[in-house]
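Below you'll find the structure, written out as structure tokens, and then a few comments.
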Amino acid sequence: MVRVRRRGSLSSNEGSRHSRGSRSRSNSRSRGNKKNNVVLQDDLPPPVLVYHESARSIVFRDHIRRVASRSSSTISRKSSEDFEVDESQTQKPGEQQTTKQQVPVHGNHDNTFVKVTSDLTHTLGMDKNETVMPSQAGLAQGDIANFTPQISPLPLLALGPSDVFELLTKQDPATQDDVGSPRDDWSPAEAEVVRLLQQQQTCVKTIRNGDWTSFLKRFETAIPHNGKWGKDHADIEPHDDERKEGGKSTFPFNSFVTSTSLLPEGGKKMRCFGSTSQFTTGVVFALPSARETTETEDEVCKRSRTWSWPSGYSAKTEFNIDGRGNLINGREEALTPLSILRQYNHDYVHSDKYTVAGRKVSGLSQIPYNEIFLRVGGRGRIVNGRDVATDTKCDDAAGTGRSFEKGVGLPVALFVRSASFGDLIALLRTRSRLGHVLGEEHLKSMPLLLITPEQGTRVLTESLQVELWKLASSSLNPFQNPAIARKTTINNTDEPSFQQKVDELLDLDGSIREKLTSEELAHLAGGFGATDESVAGILKDAMLHDVRVNRERRKSTTEADGSASQDSHQLQDFVNEGLTAAVRSGDYLTARQLLILYSVVATKGEELSEADDDSLSEFSASDLRNSERSLEQRRKRALGKDADQLVHDLALANKNDNQISKDIPPPPPPPPLDTDRLRGATNSDGLLAVLGAAQILKAMQDGTAKKRTEEVVDSVDEWCEHGEQSMAFRISSWYDQRAAQGDLKIATETDSNFMAFVSNKAIANRRGFADQLRQAVTATDFTDVRFLRAIEEMVNRMHSPCLRLELLQYVLGLDNRFSVLHVGRSVHLAATCLGVSSGV
């Protein structure tokens, strides 16, 4: 026997919640217990998934169950809390399923009701042996039982965010020997930044995890001048300077003054500002290597008011500047030239005694940070004397490069302060974010570093990044950015947080795709998030592979014996793996993105499946780019930067009051996806919406939606006929519907209204529902968006549905957790998939 308890603790599934109906009943029980000063440890029942085997088992379910339970001599009070299912009732192919269930009975049954329903045994879905007749709607026998186990999250992988990437920690830290002879696996940009760190020609800045938005915005927008700071420290907006030689010196970014630190050689011994948990990542700025005049570096810093203080001194400049922009309260007297700071830094690494906060000390394992008030921005990113974006020469001595007066340019590297997977993924997301905000052309091959006071600098080379991605895709439990995860859900989407999530999407470009398998790419895209361009490119490669392989197999099969061969389905496999990773990370947005892009690409694949070889090669070479451009023009978002379809589709989902467009052409649904296991692994509202949409598209594509709709119409019509003839029958239906709401944990908004069954309102509602379905049968072929429009209209008219909601769940192949809101979201997303794919 398999026992499903009606009481118990909520199983863990990524912070998900109950459906609204289940929550309301649980909360009412909790309030009652509080009044009686009784505290229950397990007052929230675990979610139970229910799939119905036929429409008749829904419409006449409780009459059948009552007849089936007549063989039981007595039903104890305990049976109202436990639900027992005989394992022997599992249906085998070719056999009929016999119902042997103990049903909870709430209160005393009226014998007249039993008499009324017992006469309907042979007409309401049971044969003469009182065996439940199976559905004729294509549901595989024995595949889905009436009651399935509780939510079962996917098994955890071996690694988590706090585990360390050992390949990076085992790498030898950079030394002075690497200045003259860089390592073979270092790029020119990585070799240069290591050299600058060893020569103390860089300043670093750690940024609070929640302050990256405001920091990056400073490079684009100037802040109005505050007279308190003096003109020397005012922002300088992007501009072009006419030079004496007749050329132009370009400053594409705003330049501003900010606090930084000058680390000892290689970043050793000195800790950076802030804790490693709150200030996870930071930027590295290169200092000017030469000057236009014969002044020394210290003289230029004094003239440009590039202030600097030694290690351990708290400058607090925001509180220690007067109305004329001058330092007060001893801050000016404590200023220390950069040349002296470099000597202090040298002593920290090589001497036993050194100066900290004006005192000679020794034996410290870490030194507090120093502070340099440095002007950054203005110029772009400069590597080895050339601008990365324009490839123009930048000479500090000629005034076309970095300077203390106009800015040292964009960061030359990003760094992280620990080698944990959580921090390294944050570093990669930060690099993507800089590329989205500042421009990909300025961030090409940006070096990524690990800087710690204990070991100094290590380089996260391209080869190590590939190993990191491989390990993350196979063994690391995927996760979202914890700072914005709760602000980017289907129920709570904060616009700045959502914009940050879009900016942090990873770019899985061609160089990475060549080194990773399709399965590994799917795990990264679904679990950690990738740009639309990356995901669409991978999906198109998989689609073209399937088209070519299937064509070759059909051709070889025809030439051989004519037997059917198994088609390649790399495209579906990729999306299924990606959705699995999205469920692991609880990421509704990446799951939604995968489903929509899959619909777009799969539609084009269906068009190419019968095309000739010339058309296929032409599509892969040119039509693909034209398709991308047309999509970009149609869905370019107002904020610019990307034609990010993710933003457009979320806007559609948030406009719940808008109806599906009536002028969308009717494309066919994409090939079905296997999401049964995933729906049983999560109770997240957002993920259920996506997985429900995938199931709806599957039901439309394989024809089960049409068969089930016809079955529902017949069953509801039959119920209405019996209901019109007998009030006792209607009251019996109400009574058993109330019992079913508790037994099956149906996600109804409210309990069934007794007066609706006493009057004819219940009959009118159900007959109207049947008429709507009948109209859908005649007006659509169940393979395009018109069917979804009909379903959406039904959902919009539902105010307090019970049986109608269950029937809609059955038609679409959804379980009992899908409330009216959930069904509406899934239908809307499925229609969005078909609508987007129609424009390809």
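Before moving on, here are some points about what is shown:
- Filter result (open to solvent by 50 Å² or more (accessible area, probe 1.4 Å) and in a strand (DSSP E or B)) within the range 156-177: Val164
- Taking the range 340-359 as the range and being in contact with a Ser or Thr (Cβ under 8 Å, 6 or more places away or on another chain), in a helix (DSSP H, G or I), open to solvent by 20 Å² or more (accessible area, probe 1.4 Å) and not acidic (Asp, Glu) as the test, only Tyr344 passes.
- Where a residue in the range 817-840 is within 23 Å of Ala602 (Cβ to Cβ) and part of a helix (DSSP H, G or I) and its partner, wherever it lies, is among the hydroxyl-bearing types (Ser, Thr, Tyr) and modelled with pLDDT under 90, with Cβ under 6 Å and at least six apart: Ser837/Thr603
- Any hit, the range 204-215, residues being farther than 19 Å from Gly282 by Cβ, free of Cβ contacts under 8 Å to residues at least 12 places away in the same chain and either outside any loop (DSSP other than H, G, I, E, B) or open to solvent by 30 Å² or more (accessible area, probe 1.4 Å) (or both): no
- Residue within the range 792-805 that is in a helix (DSSP H, G or I), on the phi < 0 side of the Ramachandran plot, without any contact (Cβ under 8 Å) to a residue 60 or more places away in the chain and open to solvent by less than 10 Å² (accessible area, probe 1.4 Å) present: yes
- Qualifying residues in the range 514-524 (those that are under 15 Å from Ser475 (Cα atoms) and touching a residue at least 24 places away in the same chain (Cβ under 8 Å)) - the one surrounded by the fewest Cβ atoms within 10 Å (Cβ to Cβ): Glu519
- Unique residue being at pLDDT below 85, open to solvent by less than 10 Å² (accessible area, probe 1.4 Å), in contact with a helix residue (DSSP H, G or I) (Cβ under 6 Å, 6 or more places away or on another chain) and over 20 Å from Val716 (Cα atoms) when the list is Val785, Val827: Val785
- Hits in the range 463-490 - residues which are closer than 30 Å to Val823 by Cβ and surrounded by fewer than 16 Cβ atoms within 10 Å (Cβ to Cβ): Arg486
- In the set (1) open to solvent by less than 10 Å² (accessible area, probe 1.4 Å); (2) at pLDDT 95 or above; (3) within 25 Å of Ile512 (Cα to Cα), Gly377 fails one condition alone, (3).
So that you can scan it fast, the table gives a plain yes or no per residue for (1) modelled with pLDDT under 90; (2) open to solvent by less than 10 Å² (accessible area, probe 1.4 Å); (3) small (Gly, Ala, Ser):
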residue: Lys662; (1), (2), (3): yes, no, no
residue: Pro665; (1), (2), (3): yes, no, no
residue: Pro669; (1), (2), (3): yes, no, no
residue: Asp674; (1), (2), (3): yes, no, no
residue: Arg677; (1), (2), (3): yes, no, no
residue: Asp685; (1), (2), (3): no, no, no
residue: Ala689; (1), (2), (3): no, yes, yes
residue: Ala694; (1), (2), (3): no, yes, yes
residue: Met700; (1), (2), (3): no, yes, no
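- Residue match in the range 410-425 (condition: closer than 25 Å to Ile512 by Cα, out of contact with any helix residue (DSSP H, G or I) (no Cβ under 9 Å at 6 or more places or on another chain) and in a helix (DSSP H, G or I)): yes
- Selection from the range 491-513 of residues that are open to solvent by 30 Å² or more (accessible area, probe 1.4 Å) and part of a loop (DSSP other than H, G, I, E, B): Asn491, Asn492, Asp494, Asp507, Asp509
- For first residues located in the range 392-407 and on the phi > 0 side of the Ramachandran plot and open to solvent by 20 Å² or more (accessible area, probe 1.4 Å), partners that are of a type in the set (A, V, I, L, M) and outside any loop (DSSP other than H, G, I, E, B) and lie 6+ apart or on another chain with Cβ distances below 9 Å do not occur.
- Residue among Glu711, Glu724 that is touching a helix residue (DSSP H, G or I) at 6+ places or on another chain (Cβ under 8 Å) and farther than 30 Å from Leu673 by Cα: Glu724
- Taking first residues from the range 170-190 that are in contact (Cβ under 8 Å) with a residue 60 or more places away in the chain and partners that are outside any helix (DSSP H, G or I) and surrounded by fewer than 16 Cβ atoms within 10 Å (Cβ to Cβ), the Cβ contacts under 7 Å between residues at least 6 apart in sequence or on separate chains come to Ser187/Ser445; Pro188/Asn384; Ala189/Ser445.
- When Met446 is tested against (1) of a type outside the set (S, T, N, Q); (2) touching a helix residue (DSSP H, G or I) at 6+ places or on another chain (Cβ under 7 Å); (3) assigned to a loop (DSSP other than H, G, I, E, B); (4) under 26 Å from Gly586 (Cβ atoms), only condition (4) is not met.
- Within the range 281-300, the residues that satisfy the criterion of being open to solvent by 10 Å² or more (accessible area, probe 1.4 Å) and farther than 18 Å from Tyr344 by Cα are Ser289, Ala290, Arg291, Glu292, Thr293, Thr294, Glu295, Thr296, Glu299.
- Ser314 satisfies every condition listed in (1) within 19 Å of Asp232 (Cβ to Cβ); (2) surrounded by 11 or more Cβ atoms within 10 Å (Cβ to Cβ) except (1).
- The set of residues in the range 420-431 being open to solvent by 10 Å² or more (accessible area, probe 1.4 Å) and either in contact with a His (Cβ under 7 Å, 6 or more places away or on another chain) or farther than 16 Å from Ile207 by Cβ (or both) consists of Ser420, Gly422.
Residues checked against (1) in contact (Cβ under 8 Å) with a residue 60 or more places away in the chain; (2) in a loop (DSSP other than H, G, I, E, B):
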position	(1), (2)
Phe273	yes, yes
Ser277	no, yes
Gly282	yes, no
Ser289	yes, yes
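The values are calculated or read from the model by the stated rules, or taken from the named source; none is laboratory data. Remember, predicted model here, so these are calculated numbers, not experimental data. When we count neighbours, we look across all protein chains shown, and the Cβ atoms used for this are built from the backbone with ideal geometry, even at glycine. Quick note on the areas: whole protein, heavy atoms, side chains included, nothing else; ligands and nucleic acids left out. Shrake-Rupley method; radii C 1.70, N 1.55, O 1.52, S 1.80 Å.
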